[in-house]
Amino acid sequence: MMTFLALAASWAARQVAEPSFMERYVQGLKEVDTSKFLVLSAIIFSIGIGGVLIRRNIIVIFMSVELMLSAANLNFIAFARYWQTQGSLYAYNGHVMTIFVIVVAAAEAALGLGLLLALYRNRETVAADEINLLKW
């Protein structure tokens with residue numbers, strides 16, 4: 001009889017001490033450190049570099065450049081979050097730089113796709129190897 005009471009008491013103590021799913025989820029979000037963001041950013045940047053170096057389609061090359069810019073944005077936001085937890089006065093510089101990168105990426109996409117459309121109308125191809133407009 002005594003062992004049953006001891007087991008019941010330990011089970012009740014374990015049930016009270018165990019946090020709910022939402023509490024564990026929020027705690028996990030608070031404990032994510034900067035290194036995980038940097039590793040993810042490095043993976044995304046590597047995929048972008050691979051796309052630029054391997055693929056021959058200009059549209060895929062543009063998408064790979066956008067992927068590399070997104071990796072840079074992830075780095076800016078990760079370090080802004082780190083500086084914010086450290087209490088730095090410059091905690092929002094990463095957010096500002098991310099907005100600038102997004103604006104430049106939008107301008108690059110608009111200008112690049114406009115040039116690509118004009119190039120396709122003249123050459124009827126989007127392969128990077130077949131474009132030699134600057135050659136004599």
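The values are calculated or read from the model by the stated rules, or taken from the named source; none is laboratory data. In this text the structure is predicted, and so the values were computed from the model without any measurement. Backbone-built Cβ (ideal geometry, glycine too); neighbour counts: all protein chains shown. Surface areas here come from the heavy atoms of the whole protein model, side chains and all, with no ligands, DNA or RNA. Shrake-Rupley method; radii C 1.70, N 1.55, O 1.52, S 1.80 Å.
Quick notes on this structure:
- Length-normalised contact order of segment 16-97 in % [C-alpha pairs under 8 Å, at least 6 apart]: 25
- The mean of 1/r over all distinct Cα pairs in segment 48-129, once inverted, gives the Kirkwood hydrodynamic radius of 14.4 Å.
- Peptide packing for 93-102, 75-84 was compared via the average number of neighbouring C-beta atoms within 10 Å per residue; ordered from the highest value, the list is 75-84, 93-102.
- Label zone (residue 111, point 7 Å along Cα-to-C-beta; backbone nitrogen cut-off 17 Å) within segment 35-74: 62-63, 65-66, 69.
- Apportionment of accessible area to carbon and sulfur, segment 16-100, percent (1.4 Å): 71
- The distance between label points at residue 22 and residue 63 comes to 3.9 nm (points 7 Å beyond Cα on the Cα→Cβ vector).
- The length gained by stretching the chain between residue 125 and residue 86 to full extension, at 0.36 nm per residue less their Cα-Cα distance, is 8.9 nm.
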